């Protein structure tokens, strides 16, 4: 089910699913094995809403490894996520795709949902291209401070509420959990 960068979903896609390279908006990349863990109880709809708060989505990708259940894949696709399966390290595929999007200027904002500090170089690369960056963490204890500090803004999903921290200050937004 692995797809290349050409097969993306979002409001700036044409009928063939091609992303407009001049599109603005938000590219959301979700590190599935790192975020969708039982201890975090993250709902993909909450992750999507956090990214949509930054602007219209040009792509929504969920990266999963070979251990992903068919039910998870089906649920993600039903919520409009493009599921990218990898047989190796999810981090590498996600980082390469996000850096490619940044280099090609395919978004105004890069949103990465992860708790992994490994994505700090990708966020810094996007920042270098003048792309706004957003770090979405699955919870207070699942947050990478290094990733959060490298990004222009951050969102911490926390049960019934999401604490949204932007470079201009901190606000609270509602977030509903549907399991």
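Determine whether residue 36 is modelled with pLDDT of 95 or more and either under 14 Å from the mean Cα position of the chain (by Cα) or at negative phi (or both).
Criteria not met by residue 36.
So which residues in the range 130-146 are modelled with pLDDT under 95 and touching a helix residue (DSSP H, G or I) at 6+ places or on another chain (Cβ under 6 Å), if there are any at all?
138, 144, 146
Got a sec? Which helices (runs of 4 or more DSSP H) wholly within the range 20-118 have at least 3 residues that are surrounded by 21 or more Cβ atoms within 10 Å (Cβ to Cβ)? Break it down into steps so the answer makes sense when it comes.
Values: elements: 32-35, 44-52, 70-78, 90-103.
Once the helices (runs of 4 or more DSSP H) in the range 20-118 are filtered for at least 3 residues that are surrounded by 21 or more Cβ atoms within 10 Å (Cβ to Cβ), what remains is 32-35, 44-52, 90-103.
Here's a check for you: in the range 128-151, which residue that is under 16 Å from residue 26 (Cβ atoms) and over 16 Å from the mean Cα position of the chain (by Cα) is surrounded by the fewest Cβ atoms within 10 Å (Cβ to Cβ)?
130
The values are calculated or read from the model by the stated rules, or taken from the named source; none is laboratory data. Note that this is a predicted model, so its numbers are computed, not measured. Heads up, the Cβs are rebuilt from the backbone with ideal geometry, glycines too, and the neighbour counts pull from every protein chain shown.
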